[in-house]
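Enquirer: Next up is a structure, given as structure tokens.
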Amino acid sequence: MPHLLFFYLIGDMAEGELQYRGPLVIPLVGSRRLWWLGKITTLFILAIGYTVFGIVTTIIGAAIALPWAMDLSPFLRSGALWTVPDTMNVMALLAWFVSLISSTLFAISLLQITLSVWWRRAFYAFTSISALMLLSWLLGIDNPILVRWLPGSQSMLLRHTIFDSGVPNHSLAWSLGYNIVIVTVVFWTSIWHVHHVDIWNPTADIHLKEER
Amino acid sequence: MKEFETNLAIIVENVSKRIGKRIVLDKVSLQVPVGQIYGIRGPNGAGKSMLLKVISGLVRPSEGEVIAFGERIGQDVEFPKQTGILIERPGFLPHYSALKNLELLASIRNRVTRDDIAATLYRVELNPEDARPVKTYSTGMLQRLGIAQALMEKPRLLLLDEPTNSLDRKGITDIHDLLKNLRAEGVTILLTSHSSEELKNLCDAILWMERGHLESYAFPQP
């Protein structure tokens, strides 16, 4: 659910600006691509910031109620639910957590803002991405073979083989690679598209609306 | 850079724009000399605003070419240089004052100072010390602010879509005087309007557009 909140918060950041402030801002920036790179950079920073904020808030909240420890709890190591490797410590766990969540948030939200500009509708993009993520999480429950191919599973630390032996070939590196592939493909596609995009909203043009 | 006649600010050559099945601009050609005011008139949906959007680089033409001061828009440059644009209602940040809005926009290129911005606001009869957020502004004040934003970086070309829209009689006279002064300073202005009286009073040439075509030119006598 925190993922969906992030997608909701960033939903209109590109298309909204393109429609309402684009004619003011983008000619001053001088280039559609430069403006888009600014959006992507902002999204990258927001994805990391949102993840770190979420984790820090959780840790502080938990530390108020629970005793602080740098060692993993015996419950995690017991193997009752997950297998936690002996080499994994709290800091490594946190590092993987931040990497997987922030890279997934960045990759999927980049896809979302690209779709919003492509379709010229932020709401359609948000709805589609939310549906994709929900479907991906649901499909993964009973299909361990599918898990590593689903975009929503990449940020689920405990659905990786290192923790869940029932999910084959889903390494932490795989998820980072998966997210990098999405980012690369969407980045170049979006750069091409934004370079050709019209900076105004045709769907809001009353004279064109009348013709439709 | 393409060879161009130095006395021409804008050259539009056979520009067409299709959106879906609709032809919004159909092989429009136009030349605007430096330091003149050209006005475009026509019924709603004739393509006046779209022509300004294409010239300003905001919209890419489906066919044809726009050249501003010798540079092909979309090829040599994405947007014409030193150009002020007022097209539709500018999207100012509603919770900031007029001065703050213009300062934020000016910070993108850092070419003008706070004093320059204040002077531009005075020029359109807005008070730079007015701290009220622009969401409290009347449509006429927003229109003045839009013109100030277009003038802010001292452009040599102004593209104005119905600049006197929503202004009262005094506001219209003020803006006409301002545009005439800018012409005297050498600024080229292309504007649209529904008022033939306004265009006759202001323009060196008046163009009539209908259904995406540029139908005729008229040159009002001074």
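The values are calculated or read from the model by the stated rules, or taken from the named source; none is laboratory data. The shown structure was predicted, so the numbers you read here are calculated from the model rather than taken from an experiment. Every residue, glycine among them, receives a Cβ derived from its backbone with ideal geometry; neighbour counts consider all protein chains shown. Just so you know, the surface numbers come from the protein's heavy atoms only, side chains and all, with ligands and any DNA or RNA stripped out. Shrake-Rupley method; radii C 1.70, N 1.55, O 1.52, S 1.80 Å.
Enquirer: I need to check one value: relative contact order of chain B, counting alpha carbon pairs closer than 8 Å and at least 6 residues apart, in percent.
Expert: The normalised contact order for chain B reaches 29 percent.
Enquirer: Work out the FRET efficiency for B:Thr136 and B:Asp204 from their Cβ-Cβ distance, taking R0 = 30 Å, and round it to the nearest 0.05.
Expert: 0.20
Enquirer: A further question follows. Can you pull the percent of Cα pairs in the protein assembly as shown with separation above 28 Å?
Expert: In whole percent, the share of Cα-Cα pairs in the protein assembly as shown beyond 28 Å is 58.
Enquirer: List, in order, the whole-Hz ³J(HN,Hα) value for each residue of region A:38-43 obtained from phi through the Karplus relation with A = 6.51, B = -1.76, C = 1.60 and θ = phi - 60°; use x for Gly and Pro.
Expert: x, 5, 5, 4, 4, 4
Enquirer: Taking chain A as a Gaussian network, Cα atoms linked when under 10 Å apart, which of A:Arg21, A:Arg159, A:Arg148 shows the biggest mean-square fluctuation?
Expert: Taking springs between Cα atoms under 10 Å, the residue moving most is A:Arg21.
Enquirer: Name the long-range amide H neighbours of B:Met209: under 5 Å, sequence gap of 5 or more, or other chain; modelled H, no Pro or chain starts.
Expert: B:Arg41, B:Gly42, B:Glu215
Enquirer: Given points 7 Å out from each Cα along the Cα-Cβ axis, report the A:His193 to B:Glu125 separation in nanometres with one decimal.
Expert: 4.6 nm
Enquirer: What is the extension gain from A:Phe53 to A:Leu5, computed as 0.36 nm multiplied by their sequence separation minus the C-alpha to C-alpha distance, in nm to one decimal?
Expert: 15.9 nm
Enquirer: Let me ask something else. What are the ³J(HN,Hα) couplings of region A:154-169, residue after residue, when phi is run through the Karplus curve with 6.51, -1.76, 1.60 and θ = phi - 60°? Round to Hz, x for glycine and proline.
Expert: So the Karplus estimates, Gly and Pro as x, are 5, 8, 8, 3, 7, 9, 9, 4, 4, 9, 10, 5, x, 9, x, 6 Hz.
Enquirer: Also, quick follow-up: Please go through region B:53-143 and write out the GluC sites (Glu not before Pro) that DSSP classes as loop and that have at most 12 other C-beta atoms within 10 Å.
Expert: B:Glu129
Enquirer: Summarise the accessible area of region A:2-196 (1.4 Å probe, protein heavy atoms) by the percent that is carbon and sulfur.
Expert: 75 percent
Enquirer: Something else about it: How about region B:9-56: which trypsin sites (Lys or Arg not before Pro) there are in a DSSP loop, with at most 16 other Cβ atoms within 10 Å of their Cβ?
Expert: In loop regions of region B:9-56 (DSSP not H, G, I, E or B), the sparsely surrounded trypsin sites (Lys or Arg not before Pro) are B:Lys21.
Enquirer: Counting only helical runs of four or more DSSP H residues, what would the 222 nm mean residue ellipticity of chain A come to if each run contributes -39,500 (n - 2.57) and the total is spread over all its residues?
Expert: That calculation yields -21500 deg cm²/dmol at 222 nm.
Enquirer: I've got another one for you. Rounded to the nearest 5, what is the percent of antiparallel bridges among the DSSP beta bridges in the protein assembly as shown?
Expert: Numbers: 20 of 38 bridges.
Once the DSSP bridges in the protein assembly as shown are tallied, antiparallel ones form about 55 percent.
Enquirer: Suppose R0 equals 45 Å. What FRET efficiency, 1/(1 + (r/R0)^6) with r the Cβ-Cβ distance, do B:Tyr96 and B:Lys27 give to the nearest 0.05?
Expert: After rounding, the FRET efficiency stands at 0.60.
Enquirer: Multiply the residue separation of B:Ser196 and B:Arg169 by 0.36 nm, subtract the distance between their alpha-carbon atoms, and state the gained length in nm to one decimal.
Expert: 8.2 nm
Enquirer: Same structure, new question: Once phi is turned into ³J(HN,Hα) by the Karplus curve 6.51 cos²θ - 1.76 cosθ + 1.60 with θ = phi - 60°, what whole-Hz value does each residue of region A:107-120 show in order, with x for glycine and proline?
Expert: These are the phi-based 3J(HN,Hα) values: 5, 6, 6, 5, 4, 5, 5, 5, 5, 5, 6, 5, 8, 6 Hz.
Enquirer: Give me the accessible area of A:Asp71, 1.4 Å probe, in Å² rounded to the nearest 10.
Expert: 120 Å²
Enquirer: Among B:Tyr217, A:Tyr20, what's the order by accessible area (1.4 angstrom probe), most exposed first?
Expert: Per-residue accessible area, sorted high to low, gives A:Tyr20, B:Tyr217.
Enquirer: List the pairs from B:Lys81/B:Lys170; B:Lys100/B:Lys200; B:Lys21/B:Lys53 whose alpha-carbon separation is above 26 Å, in the order I gave them.
Expert: Violating the 26 Å Cα-Cα cut-off are B:Lys81/B:Lys170; B:Lys100/B:Lys200.
Enquirer: Still on this structure, I have one more. When Lys and Arg each count +1 and Asp and Glu each count -1, what net charge do the other residues less than 10 Å away from B:Leu93, Cβ to Cβ, add up to?
Expert: +3
Enquirer: Right, something else. Loop-only check: which GluC sites (Glu not before Pro) in region B:133-206 are DSSP coil with at most 13 other Cβ within 10 angstrom?
Expert: Within region B:133-206, the qualifying GluC sites (Glu not before Pro) (loop, at most 13 other Cβ atoms within 10 Å) are B:Glu185.
Enquirer: Can you check what the Kirkwood hydrodynamic radius comes to for chain B, Cα pairs only, in Å to one decimal?
Expert: 17.8 Å
Enquirer: For every helix of n ≥ 4 consecutive DSSP H residues, a contribution of -39,500 (n - 2.57) applies; sum these over chain B, divide by its total residues, and give [θ] at 222 nm rounded to the nearest 500 deg cm²/dmol.
Expert: Working: 6 runs with 63 residues, N = 222.
Calculated at 222 nm, the ellipticity per residue is -8500 deg cm²/dmol.
Enquirer: Treating only the Cβ atoms of Lys and Arg (+1) and Asp and Glu (-1) as charged, compute the dipole magnitude of the protein assembly as shown about its Cα centre; round to the nearest 20 debye. Intermediate results must be reported in sequence, preceding the final value.
Expert: Details: 40 positive and 39 negative charges, 61 e Å.
So the dipole magnitude of the protein assembly as shown works out to roughly 300 debye.
Enquirer: Please compute one quarter of the surface area of the Cα convex hull for region A:2-196 and express it in square nanometres.
Expert: On the way: hull surface 48.9 nm².
For region A:2-196, the mean projected area of the Cα convex hull comes to 12.2 nm².
Enquirer: Taking each residue in A:25-32, count the Cβ atoms of any other chain within 10 Å of its Cβ, then average. What number comes out?
Expert: Average neighbour count from other chains, rounded to a whole number: 6.
Enquirer: Ordering A:Trp36, B:Trp208, A:Trp118 by how much accessible area each has at a 1.4 Å probe, largest first, what is the list?
Expert: Descending accessible area places them as A:Trp118, B:Trp208, A:Trp36.
Enquirer: Nearest 0.05, what FRET efficiency do B:Asp177 and A:Ser130 give at R0 = 45 Å with Cβ-Cβ as r?
Expert: Values: r = 54 Å, r/R0 = 1.20.
The pair B:Asp177/A:Ser130 has a calculated efficiency of 0.25.
Enquirer: Between chains A and B, what is the buried accessible area in Å², counting both sides, with a 1.4 Å probe and ligands, DNA and RNA left out, to the nearest 100?
Expert: Roughly 2200 Å² of accessible surface disappears when A and B pair.
Enquirer: Summarise the partner chain shielding of B:31-38 as one whole number: the mean count of Cβ atoms from other chains within 10 Å of each residue's Cβ.
Expert: The shielding value for this peptide is 0.
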